[in-house]
Structures are given as structure tokens and as C-alpha cells.
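Structure first, commentary second.
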Amino acid sequence: MTANLPTTITFAIYLLAMLLIGWFGWRATSNLSDYILGGRSLGSWVTALSAGASDMSGWLLMGLPGAVFVSGLSASWIAIGLCIGAWCNWRFVAARLRAYTEKVGNALTLPDYFTNRFEDRSHLLRIVTALVILVFFTIYCASGVVAGARLFESMFGMDYRLALWVGAFATMAYVFVGGFLAVSWTDTLQASLMITALLLAPLMVIHADGGVAASSAVIESTRPGAFDMIASLDTIAIISLLAWGLGYFGQPHILVRFMAAESVKRIPTARRIGMGWMVLCLGGAVAVGFFGIAYFGQRPELAGNVASNPETVFLEVAKLLFNPWISGLLLAAVLAAIMSTLSCQLLVCASALTQDLYKAFLRRDAGQRELVWFGRAMVLAVTIIAILIAQDPNSRVLRMVSYAWAGFGAAFGPLVLLSLVWPRMTRNGALAGMVVGAVTVLVWQHNQWFKLYEIVPGFFFASLAIIAVSLLDQPPSARMLATHAEVDQEIAAHGGQ
């Protein structure tokens, strides 16, 4: 089924709105700090919604509903783990990272923060951090490109490879033009679209089958195991699903939102807004997949696309149950989820290439205009690489996201957490933890030992490496300890956040 005229018009209006916001971002961008961090000017609402939207990529409306559609409620352990992890990230990382990055040389990127936090004059920490970001984010960006291609393929009947280029360049355009401010402003609009879609869609699916009781009865008769939260899952499987929450502490595209908040005092309000949005969105995504079992189970003639690719369950529900104009809005929400995360990832990659490699090593005296344009060129380059990685039409969104999520969670998660709370941590400890975390994920994912999600051993071994090497290393300098004490005092002055 391809999109009709009303749906196409709604979609086109949405895309034009994103480009218009990109133009406003262009007008507000005067230097590299504006382009990659928005001048640290985000209020509570924009901080919260842009963090949520940049986190919840196409997997929220495609990967998660598809997993629940196939496995039932047992797949919702992912959502539970993510909610716990996100709350902990807001509570224990957000305010401290905002304060710390400003105190250590106004760090604009995660490599900037690590380099300045540990006084790494060799810049080895900066190089390794930037390389880890580029490796895992190209995979992460590719997952967004795949999700976008699936959407354009489903809506407009495009060939998959053409859809890759159309979807990716729709996102790249406003990132290229407007930078961080455009990304954050569009994220706020996109987050609003996403929550609207994920509240409306499950209600319509339930209504179409006569209510919750009737839908549940159908699921009980056709797939009774769908209600079982444990189902065939063993302890390792449940730990693996919950462990998705560990990934939050190391996601650069989310952490940079904390760094860009207007001040530490904005964080508590942003946390409440962000967590409320997240719980509603995840609940809606689980409900679409779960009650979709009943809807398509009773209508096998409509289930062809979902049977061949369960990740299209939300797309099919939007097209079948809504007025074409509303359908266009809901499908635009899918693109919003894809674009919001992909745009952040493109910008973080471009930031690493510009601030942490080009400016740090190749052109230390480069002017602001040159750096901004180099950043834009890197957005284009990363987009093309992501498209090339995503060429396989059999690519699955959730699989690609899980790999990149684990890579960042293990490489950066323990490093970020311990750098914020443990004054005894050293440069060599940070470097050891990052390398051990990343390598563990790469090796574990390849061998699939115990069928345990690779973020768990990666996070554990990285933490051990940081602690062991730091304790064996020379103590941190007096200046590093003094800065840590200043951050403690600032956080305490704001009630510990």
C-alpha cells in the first residue's frame, strides 16, 4: 500500500517545517559552540524533550512494537530497563556533567570533557574517545537510515536503496544547515508528535477490536503465551533485556543534551518532564505491538506486511485505522523518531571530527567560520558512510541499535559515572576502561557467550579496569581534586539534584 494524497501532503508539510527550523538555526549560529552545543542555552522543556527524542529513535515506533508483536509482553523488559536507566542517568549524571563540563575549560564534546577532566596533555584520551564515537555511531546512524528507508519504502513504494538516500538526506539537510539549535528545536516538535502518535495508535487498535477485554480475549485464545512476562525467558535473557538501561550512562547524543542545559537548576524540572514523556511513549509502543496481535490475528488478509516484517506493525496500524490526514501525521511521527536520533548522531560525529580531530591536531588556528563549515562537511560525509553501511535490505533496526547501544554503554558508561563521582580516578584508568569496554563488546558480540547481552560484561570489565588502573596509577593532581570538590559544592548547593 502506498501513501495517498492527503498523507503525502501531511508528510511534505512536516519535512518543510523541519527545514524551516533548520533555517532559523542557521540564523542563530555564529560560532562552533553554537553549532555543536547551542551555546548552553536550552531550557527545561527543550532539554527534556530533545534528550528523549534523541534517545528514542526509529526503534521506538518500529523495533519495540515489532518485538512485542512477535514475543508478547516478555519483550517489554527492555522498556522497564530503559526507564530505570534513564531515571538514574537524569538523577546521577545530568547535573554533575553540566557543572563539570563548564568548569573544565567549557568542554563542548565528550572527548573535550575527558581530556580536560583528566588533564591529558598527550591528547591520547581525546583520540581514542573520538574513534570510539565514530565507530559505533556510524553503525547507530546506519540503523536510523534503515528505519527511514523502511518508512519511505512502506509509504511510497520506493525501492529500498532509493529510500535510503531520500530518508537520510531529509535528515541531513536541517542538521547541515542549522546545527545543534536546529536539532534541539526540531527534537521538541518531534517529541510532541511521537507522544501523540503513541497515545492515539494503541487506543484505536483497542477500539477496533471492541475494547481491552475483547482484545485480550482474542490474544488469549490465539497466542496465550503473549501475556507471560517470563514466557520462555531464562534469568540471563531477563538480565540482558533489563541491561539496556546501563547504556544510558554512555550515550554521547543524550549526554550532550545535559551539557547544553542553560544551568544546573534546570535539570530537576527537565527530569520530571523527560521521564513522564518516556514512560508514556514506551507504554504506547508496547501497547501497539501487543494489541496488534489481536488486530492482525483476526484480519489475516491485512497481515501480509506485518508477517514478513513485524517492525512495520505501527506503520500498518497508522495506515489502516486512521483518516488519511491523521495517518500522515502519525507516519510523520515515525519519521520524527528516526530524524530526531539520526540528526543528533550525525552532529555528535561531526563534532568529534571537527572539535576533537581537525581543530585539535590539524588546524589549531582555524577560524570559527572554517570550523562550522568543516562540521557541515562532516555531517554530509557521515551520512554517506551510514547509507553505504545500510545497503543490506535485510538489516533489522533493533539489532543494529542494540550493538551500538552496548558499545557506547560499555566504553563510556563506567567512565562517565566514575569521572563524576570518584576523585581518585586517573587518565590511565579512564583510557583502560574505555578500551576494555569497547573491546569486550566487540569480542562478546562476535562469540555470543552465554547469550548474555554484551553490555553487561562490557560494563563490568570496564569498571574493574578503571578502578584497578587508577589505584595503581599516580594520584590525580591537586587541581583535579580541587575541581572535583567545586563540582560537589555546586551540586550540594542545588539540593544534590
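All of the numbers you see were taken from the coordinates with simple rules; none came from a lab. Just so it is clear, the model here is predicted, and its values are computed rather than measured. Positions of Cβ are backbone-derived with ideal geometry, glycine not excepted, and every protein chain shown enters the neighbour counts.
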Computed on alpha carbon atoms, what radius of gyration and Dmax characterise segment 254-410, expressed in Å? 20.3, 66
Are there DSSP H segments in the chain that both extend 27 Å or more along their axis (alpha-carbon positions) and score a mean Kyte-Doolittle hydropathy of at least 1.6? List them, or say none. 124-156, 324-351
Around G274, what is the net charge, scoring Lys/Arg as +1 and Asp/Glu as -1 over all other residues with Cβ under 12 Å from its Cβ? +3
At a 10 angstrom cut-off on C-beta neighbours, averaged per residue, how do the peptides 64-75, 224-235, 294-305 rank from highest to lowest? 64-75, 294-305, 224-235
Suppose the Debye formula is applied to equal point scatterers at every Cα of segment 371-447; what is log10 I(q)/I(0) at q = 0.16, 0.21, 0.25 Å⁻¹? -0.83, -0.98, -1.04
In whole angstrom, and with the biggest value first, how far do the Cα coordinates of segment 137-257 range along each principal axis? 52, 36, 29
Using a Cα-Cα cut-off of under 13 Å, which aspartates and glutamates could be cross-linked to K359, ignoring same-chain neighbours fewer than 8 residues away? D112, E370
Hey, could you get me the Stokes-Einstein D for segment 83-162, Kirkwood radius over alpha-carbon pairs, 4 °C and 1.567 mPa s, rounded to whole µm² s⁻¹? 83
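Take peptides 43-53, 412-422, 112-122, 7-17 and line them up by average Cβ neighbours within 10 Å, highest first, as a rough protection proxy.
Order by mean packing, descending: 43-53, 412-422, 112-122, 7-17.
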Please list, short to long, the whole-number percent of alpha-carbon pairs of the chain in consecutive 20 angstrom bins beginning at zero. 25, 57, 17, 1
Cα-based reach from K265 at 19 Å (exclusive), listing lysines while leaving out same-chain residues under 8 positions away: K103
